[in-house]
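Report on the following structure.
The values are calculated or read from the model by the stated rules, or taken from the named source; none is laboratory data. All values reported here derive from a predicted model rather than from experimental measurement. No Cβ is skipped: glycine too gets one built from the backbone with ideal geometry, and neighbour counts run over all protein chains shown.
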Amino acid sequence: MAYLSLGSNLGDRAANLQRALHDLGVLGRVTKRSSFYETEPVEFTVQPWFLNCAVELETLCEPLELLAGILEIERSLGRIRDESSPKGPRILDIDILLFGENVLELPELTIPHPAMHLRRFVLEPLAEIAAEVRHPALHRTVRELLERLPEGQGVRRQ
């Protein structure tokens with residue numbers, strides 16, 4: 001089971017997420033999906049707010065195969081990765097948060113996502129569908145990670 005975070009802050013954000021959710025079907029089966037959340041950008045804050053959600057994906061893909069499929073979905077929706085501004089505005093961003101109990105550190109992919117425990121825009125949607133899932137490196141549930149976050153990072157359930 002993989003858990004993914006989806007976000008969009010350009011164009012029709014909801015339509016971008018809906019299309020991505022549909023397209024994830026080529027990589028597996030979306031078994032749970034959170035509500036959409038409007039979220040304040042972090043790090044690079046001078047950009048539109050995001051629409052985010054989290055999904056549980058039942059997949060037979062290996063982690064790198066899943067990553068390749070996700071990157072193709074992003075490209076098919078018009079995502080252009082700008083290495084000079086990786087946190088800037090984007091049509092679609094899909095991150096692998098968790099992949100079963102796997103802990104993986106490769107140049108192209110780190111699982112669990114290295115910043116997921118710091119991001120309210122990731123943890124709130126994820127807690128809606130997987131509150132009791134444990135982070136395999138931090139040994140805390142998603143609910144516990146969310147409860148430990150400091151105030152801030154605007155997140156509004158839609």
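Applying the set (1) under 24 Å from Pro114 (Cβ atoms); (2) surrounded by fewer than 23 Cβ atoms within 10 Å (Cβ to Cβ) to Tyr3 leaves exactly one unmet item: (2). Of all residues in region 112-143, those satisfying the criterion of being within 20 Å of Thr31 (Cα to Cα), touching a helix residue (DSSP H, G or I) at 6+ places or on another chain (Cβ under 7 Å), in contact (Cβ under 8 Å) with a residue 24 or more places away in the chain and not small (Gly, Ala, Ser) are Val122, Leu123, Glu124, Leu126, Val133, His135. Looking across region 1-54, the residues that are within 17 Å of Pro89 (Cα to Cα), of a type in the set (D, E, K, R) and under 15 Å from the mean Cα position of the chain (by Cα) come down to Arg13, Glu38, Glu40.
When region 13-41 is filtered for residues that are exposed (fewer than 15 other Cβ atoms within 10 Å of the Cβ), in contact (Cβ under 8 Å) with a residue 12 or more places away in the chain and assigned to a helix (DSSP H, G or I), the ones remaining, listed by number, are Ala14, Val26.
With respect to being at pLDDT below 95 and among the acidic types (Asp, Glu), Asp82 fits the description. Looking at Val142, Val155, Val133, Val122, just one residue is at pLDDT below 95 and not charged (D, E, K, R), and that residue is Val155. Glu72 fulfils the conditions (1) more than 19 Å from Ala20 (Cβ to Cβ); (2) more than 15 Å from the chain's Cα centre (by Cα); (3) modelled with pLDDT of 95 or more except for a single criterion, (1).
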